[in-house]
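Colleague: Below is the structure I would like to discuss, written out as structure tokens.
The values are calculated or read from the model by the stated rules, or taken from the named source; none is laboratory data. These numbers were taken from a predicted model, which means no experiment stands behind them. Cβ atoms come from the backbone with ideal geometry, glycine included; neighbour counts cover every protein chain shown. Surface accessibility is based on the protein's heavy atoms, side chains included, excluding ligands, DNA and RNA. Shrake-Rupley method; radii C 1.70, N 1.55, O 1.52, S 1.80 Å.
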Amino acid sequence: MASGDRDAYFTAHMASLLSARFFKRGLELFALASIIALVALTIYGHSWRASLEAIERLKPGWALAALVLASSDWWGGGFRIWLLAKFLHRDTPLGGMIVAGGLNTWGSYLTPSQTGGGPVMIWAMRRYGVPVPEATIAAFMSFVGTVVFFAIAGPLAIVLGAGRSLRGHGVPLVHVSLYDVFKASAWGWVFVGALLLFVLVFPARARWVVHAAIGFLERRGSARTAAWVSGLRGGIDRMQECVVKFLTPAGWLAMLAGVVTSSLAHANKLLAAYVVLRAMGIEANLMDVLLVQVTIAFLLYFAPTPGGAGAAEALAAALMRTYVPRALLPVYTLLWRFTVSYATVIFGSFVFFKLLHGRLEESPAPTRTTAAT
């Protein structure tokens, strides 16, 4: 299959996934779960007046810092994917990757277990001229950068003795300390990182596994499924070539850049809680708060609701009650979630639906003959 036909094939099938209706439903579920959780927290806090007074007393400088952090999904994530994609495809535009980086986070927030971010980012990258195989591997490497960043940062923090004060703070209804929860999540990142390392170090074996799965689907699936997966073979071979390209000195440097810039891509997830606390006039140890946020970020990857809506608010209340008085938990959670996700969901919805209108359907599916070549 020729490169242009292959890209058209992928884009046409991506159209069936990235429909306005699909993400509209995700947006509705995200909003509903978030509202229910915030209302429940407000009832739990027992004080509307305390929440209103906390908002009135917000420190403008820290509140502005929270707004800047809210945009890090776009500029931080976009800069990271630009570095990775540019290594594979020289004509990668920075502006387009900023859009792709932001939509990646937006898509993850509107799908269960954050599964929709990758397809949305690949689609956006394709729109800005990055071929689908290169875009797919760049998206994969950005995920690798995230996992490696947390897999290194978590155990390193443990070794250096950070966060030990968390041992004195327990999780409600569970007889474990915040430090124990953090250690479990840190080693969880290490385990996921080991799996990704296998794919990177042994790309041929990983390719064999994928081709075996495709062969199984071709034999056991429907005729439509067989035709669809057969069109994936050429793209997978190209993806392996891209992975191998990363296993060079220049490629390892590009991956290192992806790991380092993951700190920018996830700046809001790591720093939003501390910034919001300071905006509310609450003093807290920066490192301790960072470790709690690493734990929350890991646990939310497994939340079944879109973007962890509902679960995120509950986790924030459970793990941050050590620092935030009960009456202020509702306003803290609202400000934290706005910085981490609500702002991206609102702005990303506007960008995505504006780009989506009449666009995805413009790429025709290749003919049956083309797909089989």
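Colleague: Being more than 18 Å from GLY107 (Cα to Cα), open to solvent by 10 Å² or more (accessible area, probe 1.4 Å) and in contact with a helix residue (DSSP H, G or I) (Cβ under 8 Å, 6 or more places away or on another chain) is the filter here; which residues of the range 303-324 pass it?
Modeller: ALA314, LEU315, ALA317, ARG321, THR322, TYR323
Colleague: Okay, next question. Could you list, in sequence order, the residues of the range 103-128 that are in a loop (DSSP other than H, G, I, E, B) and either free of Cβ contacts under 8 Å to residues at least 60 places away in the same chain or in contact with a helix residue (DSSP H, G or I) (Cβ under 7 Å, 6 or more places away or on another chain) (or both)?
Modeller: Listed by number, the residues that qualify are LEU110, THR111, GLN114, THR115, GLY116, TYR128.
Colleague: Of everything in the range 256-289, what is open to solvent by less than 30 Å² (accessible area, probe 1.4 Å) and either free of Cβ contacts under 8 Å to residues at least 24 places away in the same chain or in a loop (DSSP other than H, G, I, E, B) (or both)? Give them in sequence order.
Modeller: HIS266, MET280, ILE282, ALA284
Colleague: Considering the range 334-373 alone, what residues qualify as being modelled with pLDDT under 50, assigned to a helix (DSSP H, G or I) and of a type in the set (Gly, Ala, Ser)?
Modeller: Result: ALA371, ALA372.
Colleague: If you scan the range 135-173, which residues turn out to be polar (S, T, N, Q) and either at pLDDT 80 or above or surrounded by 17 or more Cβ atoms within 10 Å (Cβ to Cβ) (or both)?
Modeller: Within the range 135-173, THR136, SER142, THR146 qualify.
Colleague: Is it fair to say THR42 is in a helix (DSSP H, G or I), in contact (Cβ under 8 Å) with a residue 60 or more places away in the chain and in contact with an Asp or Glu (Cβ under 8 Å, 6 or more places away or on another chain)?
Modeller: Answer is no for this residue.
Colleague: Further, regarding this structure: Is at least one residue of the range 311-334 within 27 Å of PRO60 (Cα to Cα), under 17 Å from the mean Cα position of the chain (by Cα) and among the polar types (S, T, N, Q)?
Modeller: Scanning the range 311-334 turns up no residue that is within 27 Å of PRO60 (Cα to Cα), under 17 Å from the mean Cα position of the chain (by Cα) and among the polar types (S, T, N, Q).
Colleague: Based on this model, can you work out whether ASP73 counts as of a type in the set (D, E, K, R) and either over 24 Å from THR248 (Cα atoms) or open to solvent by less than 20 Å² (accessible area, probe 1.4 Å) (or both)?
Modeller: Judged against the criteria, ASP73 is a match.
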